[in-house]
Amino acid sequence: MGQKVNPYGFRLGITTDWKSRWFEERHYRDFVVEDWKIRDYLMTQLEAAAVSRIEVERTRDRLRVDIHTARPGIVIGRRGAEADRLKKKLEEITGLQNRIQLNIQEIKQPELDAALIAQGICDQLVRRVAFRRAMKRAIQTVQKAGAQGIKVQCSGRLGGSEMSRKEQYREGRVPLHTLRADIDYGFREARTTSGRVGVKVWIYKGDILPYKVSIEDKITREAAMAVGETSGQSGPRRLITAGGGRKRAETFATDEEQEPTTGNGAVEEELVDELLVEGAPAEAEAEAEEVEADEETETPVADLLPSPTEPDELERQLTQDEEMERQNRHQHHEAPHFRKESD
């Protein structure tokens, strides 16, 4: 029996961190429902902002919400108006007045984020693009971005057919059984006219060594939580490429190339994030104004991904596949009729 395990939960505590960081004994159920309401509201309000994930962290009397997005200008709004509106609504949901910290973090490489790739494929399926073309373009984009492997799977009424089925493509290595493998997993649903189509994306970026949190980092984060400050994210993980697969276009930075972080780095990062939300610096304001100017012609998430530079061979192959599928769709596969020849 094919028992499937979520790659994120399988590596939880080893190479991945919790998306909700808090501890509660009495009101555990209420906090879980509250986290779900926060994520559901933000994902509904920020459909066009290319939001990858939302992290929630609680202390004794404060709540911190991190929004990882590829378009921070849409989330911030003009002079922080959109961020203030979201913050007020979160205060109504949680009942915490002036104790919510909203951080907007930009995703530097959206073409290496599995959730954004899946969302891009869903947007193309809604616009009636052939599912094979959308899947193969996503694979080509991720490979050119430097990933070592990718697997894409679509399931549902593909192409408007009466019976649902699954189609998947894979390029490179995707070692799902290796715990130290840095595999980003994303799932999105496309609401087409014929029904919902589920899209799953696995992206293999390399191996994480060492794959256990260092003692010093753990002590620092626990001390910050004890004082009442938010621990935030740990330092950048060390990525070591594994053997096999395609060569990467850009190698990840090693520990020697990264800038050393001190104990005040987390506090400074929080101050910068607060200024980003409350004060909205000039660069953020300019970006927000440009985004609002183009709100009437919103571009889908798929346009975030760069178009392939050499699409001739791929386009020719995709066109042939679509033509064959179109011809086979109109053919009626029935049993042959044998007629007796008349003399």
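Tabulated data
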quantity: Of all residues making up the stretch 135-146, the number that are out of contact with any Ser or Thr (no Cβ under 9 Å at 6 or more places or on another chain), closer than 18 Å to residue 323 by Cβ and touching a residue at least 60 places away in the same chain (Cβ under 8 Å); calculated: 1
quantity: Residue within the stretch 167-189 that is in a loop (DSSP other than H, G, I, E, B), modelled with pLDDT of 80 or more and of a type in the set (Ser, Thr, Tyr) present; calculated: yes
quantity: Residue match in the stretch 151-160 (condition: out of contact with any His (no Cβ under 8 Å at 6 or more places or on another chain), aliphatic (A, V, I, L, M), outside any helix (DSSP H, G or I) and at pLDDT 95 or above); calculated: yes
quantity: Failed condition for residue 99, given (1) modelled with pLDDT of 90 or more; (2) in contact with a Lys or Arg (Cβ under 7 Å, 6 or more places away or on another chain); calculated: (1)
quantity: Exclusive hit being surrounded by 14 or more Cβ atoms within 10 Å (Cβ to Cβ), touching a helix residue (DSSP H, G or I) at 6+ places or on another chain (Cβ under 7 Å) and of a type in the set (D, E, K, R), set 173, 137, 133, 180; calculated: 133
quantity: Given (1) part of a helix (DSSP H, G or I); (2) in contact with a strand residue (DSSP E or B) (Cβ under 9 Å, 6 or more places away or on another chain), number of the condition residue 144 does not satisfy; calculated: (2)
quantity: Positions within the stretch 313-337 being part of a helix (DSSP H, G or I) and at pLDDT below 70, in sequence order; calculated: 329, 330
quantity: Some residue of the stretch 182-191 being out of contact with any Leu (no Cβ under 9 Å at 6 or more places or on another chain) and over 30 Å from residue 34 (Cα atoms); calculated: no
quantity: Search result, residues across the stretch 109-130 that are farther than 25 Å from residue 208 by Cα and open to solvent by 10 Å² or more (accessible area, probe 1.4 Å); calculated: 119, 123, 124, 125, 126, 127, 128, 129, 130
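The values are calculated or read from the model by the stated rules, or taken from the named source; none is laboratory data. Since the model is a prediction, treat every value here as computed from it, not as a measurement. So basically every Cβ, Gly included, is an ideal-geometry build from the backbone, and we count neighbours across all protein chains shown. Note: accessible area is taken over every heavy atom of the protein model, side chains too, but ligands, DNA and RNA are not part of it. Shrake-Rupley method; radii C 1.70, N 1.55, O 1.52, S 1.80 Å.
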